[in-house]
Amino acid sequence: MRWAAVVSDDRDTIVALPDGPLVIIWDDVREAEEFYVNPALNRTSGRRFATTQLFVEKKADVACTVDQGFCTRSYGEARTAGLRFLLVKPGTRLSEIKAQPEEYRRQIQPELDRVFLAIPQAMPEAQSAAASSTTNPPAGK
């Protein structure tokens, strides 16, 4: 089984999709792991979606995530691709999962409840345009 997660600088602590510098994909059958730069790092929008696309491209079976790790768009992409989900508590380490794989396998879910999904924020450009339209109404109004 191929597992995917975004991790912090320590390469072990699982964080939300847009928050960590690295994506790890590990295969528990082959006992192999691969690290990638998180594609969300240099983006201002579509961050979770970009990371999800990497999970799918690398043929992950399970996405490990904390609460609010996925947004509705990235979650939809993950579901369409057939990813399953392992919802973990903040601070959970990959080393814990690797040490007890059968325990964590039992916790894998085919879907996440919507309460665990982040609500996407408006893009900065849209926020800026909205602010200027309310502070600078068109001439003649």
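Side notes on the structure shown:
- Residue pairs meeting the criteria (Cβ under 6 Å; at least 6 apart or on separate chains; first in a loop (DSSP other than H, G, I, E, B), in segment 42-58; second surrounded by fewer than 21 Cβ atoms within 10 Å (Cβ to Cβ)): ARG43/ALA50; SER45/MET123; LYS58/ILE25
- Residue selected from segment 38-53 under the condition among the polar types (S, T, N, Q) and modelled with pLDDT under 95, by the criterion nearest to SER74 (Cα to Cα): SER45
- Here the condition is being under 14 Å from the mean Cα position of the chain (by Cα), in a helix (DSSP H, G or I), modelled with pLDDT of 95 or more and not aromatic (Phe, Trp, Tyr); of ARG79, ARG73, it holds for ARG79 alone.
Here is a yes/no grid of residues against (1) in contact (Cβ under 8 Å) with a residue 12 or more places away in the chain; (2) touching an Asp or Glu at 6+ places or on another chain (Cβ under 7 Å); (3) closer than 20 Å to TYR104 by Cβ; (4) among the β-branched types (Val, Ile, Thr):
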{"position": "VAL7", "(1), (2), (3), (4)": "yes, no, yes, yes"}
{"position": "VAL15", "(1), (2), (3), (4)": "yes, no, yes, yes"}
{"position": "ARG30", "(1), (2), (3), (4)": "no, no, yes, no"}
{"position": "ALA60", "(1), (2), (3), (4)": "yes, no, yes, no"}
{"position": "ALA63", "(1), (2), (3), (4)": "yes, no, yes, no"}
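The values are calculated or read from the model by the stated rules, or taken from the named source; none is laboratory data. Keep in mind it's a predicted model, so treat the numbers as computed, not measured. Quick reminder, even Gly has a Cβ in these numbers, built from the backbone with ideal geometry, and neighbours come from all protein chains shown.
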